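What follows is a set of notes on a single structure, which appears directly below.
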Amino acid sequence: MMKQILFILIGFIFGIIMYKSEAASWFRIYEMFQFQSFHMYGIIGTALAFGVLFVQMIKRYKIKSFDGKPIVILPKEKSFSRYMIGGIIFGLGWALAGACPGPIFVLIGAGYLPILIVLFAAVFGTFLYGLLKDKLPH
Amino acid sequence: MEFFLQPWPWYISGFLIACTMLLLLLMGKKFGMSSNLRTFCSICGAGKASDFFRFDWKMDSWNLLVVLGAMLGGFVASHYLSTSEMPAVSEATKVSLASINIATENQYLPVELFSISALSDIKTIFILIIGGILIGFGARYAGGCTSGHAISGLSNLQLPSLIAVIGFFIGGLVMVHLVFPLIF
């Protein structure tokens, strides 16, 4: 039960960060793809700088998870086409809807009802991928 | 009080995003939002259509709690911690926005796309549906989205994530620079 509350709490903090950083705003995504502001690059760059530091620390000092198990980060399978093609398709959608999956949930909570259409369509897009998966280059 | 309603600067936001990832790693999990979309499909019975959805989604139910929290966070941030004004985008962006007929006096999200009245235009609905399908399809094809690849994957210095993020940007640039002028 304690764990469940912690997951909700982590999500809650994440939701506030996404909204308050304006990373959940269509305008910031548009501006990022226009290279007209440092804001989004600053967010991603800072997150990465600390992210790399945290992951390196976990590996070097063999930091364990809260329940005492080793933290293993599984490497992604090797491929070029799936990451490039999938990435381009995702990028087209990210720019068009101005939101990636995290902010979609945050914006629903914020009460922007049209985002529900984006969510249902994204679930449907995921379903389509599941149907076509074996026919696509990976 | 004014201070609490201001948007956060990028360096605070970026640091806190990294902390979110760290907390999930310390909880023995990983930071990735788009895998929840696959879980939704499985819950809805998509396993009957494709074995891609036949997995024990209860193993990933922790991530649904993160999603629930993110929604609550969005509610609290928008209602109590923000004035939900339009972000202070650059002057150059305002010029670009005007060129695609999006008002530069706007709200947190453009009313042209995300207000209830905008849904009376079939074009808006079409944009939201196509955007969503591309997000869902692309994220699963690439094996992750912004959180899974751009933050978690790159933090772990994974080459696949770098390829995916380059793809995200190619797609985003094509959309904003080549497709937007045609659809707006």
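The values are calculated or read from the model by the stated rules, or taken from the named source; none is laboratory data. Keep in mind that this is a model prediction, so the values were computed, not measured. All Cβ positions, even for glycine, are placed from backbone atoms using ideal geometry, and neighbour counts span all protein chains on display.
Things worth noting here:
- Residues (among the small types (Gly, Ala, Ser) and surrounded by fewer than 24 Cβ atoms within 10 Å (Cβ to Cβ)) located in the stretch B:153-171: none
- For A:GLY93, the requirement of being small (Gly, Ala, Ser), at positive phi and at pLDDT 95 or above is not met.
- Members of the stretch A:4-27 that are farther than 13 Å from B:ALA70 by Cβ and touching a residue at least 24 places away in the same chain (Cβ under 8 Å): A:SER25, A:TRP26, A:PHE27
- Among the conditions (1) free of Cβ contacts under 8 Å to residues at least 40 places away in the same chain; (2) under 30 Å from B:LEU113 (Cα atoms); (3) facing another protein chain (nearest Cβ under 7 Å); (4) touching a Phe, Trp or Tyr at 6+ places or on another chain (Cβ under 9 Å), A:SER37 misses just one, which is (4).
- Checking each residue in the stretch B:20-52 for being hydroxyl-bearing (Ser, Thr, Tyr) and at the interface with chain A (Cβ under 8 Å from one of its Cβ atoms) picks out B:THR20, B:SER34, B:SER50.
- Qualifying residue in the stretch A:113-130 (condition: more than 17 Å from B:CYS41 (Cβ to Cβ), over 14 Å from the mean Cα position of the chain (by Cα), buried (at least 17 other Cβ atoms within 10 Å of the Cβ) and not β-branched (Val, Ile, Thr)): yes
- Within the stretch B:127-140, residues that are at the interface with chain A (Cβ under 7 Å from one of its Cβ atoms) and buried (at least 24 other Cβ atoms within 10 Å of the Cβ) have Cβ atoms under 7 Å from residues that are in a helix (DSSP H, G or I) and basic (Lys, Arg) in these pairs: B:ARG140/B:ARG38, counting only partners at least 6 apart in sequence or on another chain.
- Verdict on A:MET32 being surrounded by 15 or more Cβ atoms within 10 Å (Cβ to Cβ), free of Cβ contacts under 8 Å to residues at least 12 places away in the same chain and more than 7 Å from every other protein chain (Cβ to nearest Cβ): yes
- Here B:ILE17 does not qualify as part of a helix (DSSP H, G or I), of a type in the set (A, V, I, L, M) and more than 7 Å from chain A (Cβ to nearest Cβ).
- Verdict on B:MET86 being over 28 Å from B:HIS149 (Cβ atoms), in contact with a Phe, Trp or Tyr (Cβ under 8 Å, 6 or more places away or on another chain) and buried (at least 18 other Cβ atoms within 10 Å of the Cβ): yes
- Of all residues in the stretch B:24-40, those satisfying the criterion of being touching a Lys or Arg at 6+ places or on another chain (Cβ under 9 Å), of a type in the set (A, V, I, L, M) and either over 15 Å from A:ILE58 (Cα atoms) or surrounded by fewer than 20 Cβ atoms within 10 Å (Cβ to Cβ) (or both) are B:LEU26, B:MET27, B:LEU37.
- Options A:ILE104, A:ILE43, A:ILE58; residue that is touching a residue at least 12 places away in the same chain (Cβ under 8 Å), more than 7 Å from chain B (Cβ to nearest Cβ) and in a helix (DSSP H, G or I): A:ILE104
- Helices (runs of 4 or more DSSP H) (entirely within the stretch B:98-184) containing at least 2 residues that are among the basic types (Lys, Arg): B:122-142
- Unmet criterion (only one of (1) buried (at least 16 other Cβ atoms within 10 Å of the Cβ); (2) of a type in the set (A, V, I, L, M); (3) more than 7 Å from chain B (Cβ to nearest Cβ)) for A:LEU74: (1)
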